[in-house]
Structures are given as C-alpha cells and as structure tokens.
Amino acid sequence: MKVLVVGGGGREHALCWSIAKSPLCEKLYCAPGNAGIKAVAECLPIAADKIHDIIAVCHLYAIDFVVIGPELPLTLGLADELRAEGIACFGPGKLAAEIEGSKGFMKDLAAKANVPTAGYQRFTDATAAKDYVRAQGAPIVVKADGLASGKGVTVAQTIEEALAAIDDAMINKAFGDSGSSVVIEEYMEGEEVSFFALCDGEVAIPFTAAQDHKAVYDGDKGPNTGGMGAYSPAPIVDAAMSDRIMNEIINPTVKAMRDMGRPFSGILFAGLMMTKTGPRLIEFNARFGDPETECMLMRLKSDLLSLLYACSKGMLDGIDIHWHDYAALTVIMAATGYPGSYKKGTAIRGLDKAATVPNAVVFHAGTDTNEAGDVIATGGRVLAVTAVGHTIAEAQSRAYQAVDQIDWPEGFCRRDIGWRAIEKTKAA
Ligand code: AMP
Ligand code: GLY
C-alpha cells in the first residue's frame, strides 16, 4: 500500500523507520519530513497543518493510508476530511481529538467516565480564578485550556506563583486564545508515566508505556520542554499495572467517548501520575508521544503498519502486540537556548559515525539539508538519539556513545536520561 506520514519530527522519523520495514508498505511518503526521514521516505514540502494540500497530494499520488503524527492537524480535522474523501487514515477526528485540544473537555470527560484524576475547576474570569487559588492554597496547578506546546502548565509551589500564572495566561495572553480559559487543579505527587493504547472507536488494546524527562536540565531541573529524553518499558508499569490502567482509565474513556458520539480511533496517550493510591490521569493526548515513540518503536516486534491499519478499520479486537524483550532509551539533542530562543541553521556533523554505533539509531527531530548537502538544525529539539540494550543502563550507555560521535557545538543534551529507572534497578 502507498502510505503518507504527516509530520516532520522525531516521532514521525520513528514512525517512518518502522513503517518502511513493513512488507505491506509499497511506497512511503512523508509531509513535510526532515533530513533523516529522507533516508526512508520521499519527503513532500507540505506543512502538517495544510489540510487541503495534504488531501490534494493524497489524490495525486493515490495514497491508500495516511498516518497523522502531530496534534495540530488532528485538532484541525484532517482525519475527518480524509475519511470524507474515502482515504483511510490513522488518527482521531476533530471531535475526538478535543480530548487533547481542550483540557477542560478532558477534565469533564474524566469526571463523567469516573476516571481518577486531580480535582479541578474551569475559569474564564481571572478574578474568580484567583479567589479559588487563595481559597485552595498551594501547591496548586494552573493550566491554559487550549494547546500551548506543553508550555501552558504551571505547577505553583506558592499562591503568588499561581496568581502570576493566571495573570500570564488570562491577562497577558502569553498563550494567545489558548489561555482565555484556565483549568486550576489539585497538585498530585508521584512518578509520571506515559501510557499508550490503540483504540478503534470500540475496542482498546494496550500498546506499551514509557517515561520521559520533561525538564531541560540534569536532575530534572529547569523549565519544562516537550521532552528531553525517554525510555521504555517503564519499570513502574508491570502487566498487572497495565491491566489496572486499561480497566480504570483507558476503557472507561473509550466507552464515554463512544457514548458521546465522539468515538476515539487512533492512539490514546494517557499521561499518568503514579500516586500512593494508584494511577491518576494528568492529561490525555490524541497522538503518539515524542520522544516516547522513538524508544517504543525500537522495541516493537509486530508490524506497525498492519497494527495502525487494523486500528483505522475498527479491527483491533483479538490482536496481540509483540515486543522485543530489550529496553530502549532516547536522548534528545537540542539547540542551545531551547526551550527559550535558539539559533537555527547550524551544521551537524558526525551523524555517519553515530550510525555505526551498534544497536543505535539517530532519529532526526528538527533538521534539513542545505544546498551544500550539510545537515542543519531547524528546530529546538533536533535529534533523538536512541539505542537498545538488555537493560535500561545498557541502552543508556549505547545512546550516549552515539551522542558522543555527533559534532554539533551549538547543541546540548541531558547526560542523565533514565536515571530514575537505573537507580531503581541498582536498589533492587
Ligand atoms: P500537562 O501539559 O497537563 O501534561 O502538564 C505538564 C506537566 O505538569 C506534567 O507532565 C506534570 O509534570 C505537571 N502536572 C500537570 N498537572 C499536574 C498535577 N495536577 N499535579 C502535579 N503535576 C502536574
Ligand atoms: N513527551 C510528551 C509528549 O509527547 O507530549
């Protein structure tokens, strides 16, 4: 079949890398792709949110199946438009993608489906929001309602910090319209996990879990980013915990979405806090995680394309997903300055040397090639250096071995990805 992957980040490189291996894949395109994706797919210069250009190209190249990576085209309704044109696609429609696009919708849904999550209130008035914060006390969490690239959340340790976050979102419009409504919620304590389930609207099956590091600096310090690294499996999610998460969080959500006339078809990504009383939902995403996908797909033994296609056709019932019994770990190399402002266009060398490190793959997240043929950085998160090993510690050491081959003076990475899991195995 002819397949188009929409997006151009590390997640999409991993999706393309995996789909290209499928015997079902006759030809693979990616829009817009990046310098790394070019090695496995034909890249088309179309931005992921140009819905009508994507539809046109699907007709032009007789695409059979579209896999949508990022949240923006999902919330813009790309999946609905493709289906209306008779083109099969992986990813939820606009109404179902609201599970990620609106935190308020997600919280109301969790309450309706009885999914354990933090207590919350929604506000469209800054004064009322502030009164609520003063009454609740700190720590407390303030979230812009709409999409804010993972930057619209403040975990406030003091009331003053929470009040400033409300001003930022509602008065200073730091996140544009996404912050004109806020959700204020109870602070939850525990270890975070990214749990993924494939859902076909009716049936959900567990995919796997990963853990990412959101903070920019070692020791999980500094501002939050889209993710500086990840590893999979998540030691904290064993088979019993996976069942519990399916029963308490995923299945009730899939049922509630179906009952609301918004059947969720695609990958449901639950960001969970593993608290003393069990897993509690932080948020849902309507897509694969980034960088979680890079390490998860290195572990996948089953054919990804047939899984995604079966999912899109409502045929997940009875499918088992197989995994290699090794661990995988991803280290993000980002442009100096990220998540603040950073330089674009700097040259990256040594990628060929990194490619010779056994059991490692360098996924590209934000790259392009210039006229001279050099790979250059075009984003904040630029490379997702991933490796596998018998243990997370072995995967970590291989990933850093590959990182150390890369010559990119304008980039940086955390040196401690996986520390929590590795300390746990040492303690055991
Ligand atoms: P979100 O965008 O909702 O995933 O939030 C970003 C990050 O903020 C999460 O990954 C958590 O680290 C933190 N966070 C969000 N909500 C809560 C909460 N209720 N309690 C504690 N931490 C939270
Ligand atoms: N790594 C978190 C996310 O993809 O949202």
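The values are calculated or read from the model by the stated rules, or taken from the named source; none is laboratory data. These numbers were taken from a predicted model, which means no experiment stands behind them. Heads up, the Cβs are rebuilt from the backbone with ideal geometry, glycines too, and the neighbour counts pull from every protein chain shown.
The listed residues are Ile140, Ile99, and the only one of them that is buried (at least 22 other Cβ atoms within 10 Å of the Cβ) and either in contact with a His (Cβ under 6 Å, 6 or more places away or on another chain) or within 21 Å of Asn172 (Cβ to Cβ) (or both) turns out to be Ile140.
Just one residue in the set Pro291, Pro339 is at pLDDT below 95 and more than 24 Å from Pro263 (Cβ to Cβ); that residue is Pro339. Every condition in (1) of a type in the set (Ser, Thr, Tyr); (2) within 17 Å of Pro92 (Cβ to Cβ); (3) surrounded by fewer than 19 Cβ atoms within 10 Å (Cβ to Cβ) holds for Thr277 except the one numbered (2). Would you be able to say whether some residue in region 66-81 is surrounded by fewer than 24 Cβ atoms within 10 Å (Cβ to Cβ) and in contact with a Phe, Trp or Tyr (Cβ under 7 Å, 6 or more places away or on another chain)? So far as region 66-81 goes, no, none of its residues is surrounded by fewer than 24 Cβ atoms within 10 Å (Cβ to Cβ) and in contact with a Phe, Trp or Tyr (Cβ under 7 Å, 6 or more places away or on another chain). Among the residues of region 295-315 satisfying the criterion of being touching a residue at least 40 places away in the same chain (Cβ under 8 Å) and either within 10 Å of ligand 2 (Cβ to nearest atom) or part of a loop (DSSP other than H, G, I, E, B) (or both), which is surrounded by the most Cβ atoms within 10 Å (Cβ to Cβ)? Across region 295-315, the extreme among qualifying residues is Asp303. Condition first: within 16 Å of ligand 2 (Cβ to nearest atom), free of Cβ contacts under 8 Å to residues at least 60 places away in the same chain and of a type outside the set (Val, Ile, Thr). Can you find one or more residues in region 196-208 that meet it? Within region 196-208, not a single residue is within 16 Å of ligand 2 (Cβ to nearest atom), free of Cβ contacts under 8 Å to residues at least 60 places away in the same chain and of a type outside the set (Val, Ile, Thr).
What residue, of Arg414, Arg398, Arg381, Arg420, is among the basic types (Lys, Arg), surrounded by fewer than 19 Cβ atoms within 10 Å (Cβ to Cβ) and in contact with a strand residue (DSSP E or B) (Cβ under 9 Å, 6 or more places away or on another chain)?
Just a single option satisfies the conditions, and that option is Arg420.
Residues that are farther than 30 Å from Gly379 by Cα: which strands (runs of 3 or more DSSP E) entirely in region 207-294 hold 1 or more of them?
Strands (runs of 3 or more DSSP E) meeting the threshold: 265-275, 278-285.
Yes or no, residue by residue, for (1) closer than 22 Å to Val193 by Cβ; (2) at pLDDT 95 or above; (3) more than 18 Å from the chain's Cα centre (by Cα):
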site	(1), (2), (3)
Gly271	yes, yes, no
Ser302	yes, yes, yes
Ser312	no, yes, yes
Ile321	yes, yes, yes
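Do we have Asp238 as surrounded by fewer than 19 Cβ atoms within 10 Å (Cβ to Cβ), more than 16 Å from ligand 1 (Cβ to nearest atom) and among the acidic types (Asp, Glu) here? Against the criterion (surrounded by fewer than 19 Cβ atoms within 10 Å (Cβ to Cβ), more than 16 Å from ligand 1 (Cβ to nearest atom) and among the acidic types (Asp, Glu)), Asp238 qualifies. For region 361-375, the condition holds for at least one residue, the condition being that it is over 30 Å from Leu24 (Cβ atoms), of a type outside the set (A, V, I, L, M, F, W, C) and surrounded by 13 or more Cβ atoms within 10 Å (Cβ to Cβ).
With respect to the conditions (1) away from ligand 1 (no atom under 16 Å from the Cβ); (2) without any contact (Cβ under 8 Å) to a residue 40 or more places away in the chain; (3) closer than 13 Å to Cys413 by Cα, Asp218 falls short on a single one, namely (2).
Which of the following residues is of a type in the set (A, V, I, L, M, F, W, C), at pLDDT 95 or above, out of contact with any Gly (no Cβ under 9 Å at 6 or more places or on another chain) and farther than 25 Å from Glu42 by Cβ: Ala393, Ala421, Ala402, Ala334?
One residue alone meets the criteria, Ala402.
Reported count of residues in region 18-58, each being closer than 16 Å to Ala365 by Cβ, more than 17 Å from the chain's Cα centre (by Cα) and in contact (Cβ under 8 Å) with a residue 40 or more places away in the chain, is 5.
Tally up the residues in region 273-300 that are within 16 Å of ligand 1 (Cβ to nearest atom) and either over 17 Å from the mean Cα position of the chain (by Cα) or within 24 Å of Ser102 (Cβ to Cβ) (or both), please. Selection size over region 273-300: 19.
The strands (runs of 3 or more DSSP E) found entirely in region 102-171 that carry 3 or more residues being in contact (Cβ under 8 Å) with a residue 60 or more places away in the chain and more than 16 Å from ligand 2 (Cβ to nearest atom) are 120-123.
Being more than 16 Å from ligand 2 (Cβ to nearest atom) and either touching a Leu at 6+ places or on another chain (Cβ under 6 Å) or not hydroxyl-bearing (Ser, Thr, Tyr) (or both) holds for only one residue in Ala347, Ala270, and it is Ala347. So is Val193 at pLDDT below 95, within 24 Å of Ile417 (Cβ to Cβ) and among the β-branched types (Val, Ile, Thr) or not? Considered against the rule, which asks whether it is at pLDDT below 95, within 24 Å of Ile417 (Cβ to Cβ) and among the β-branched types (Val, Ile, Thr), Val193 comes out as no.
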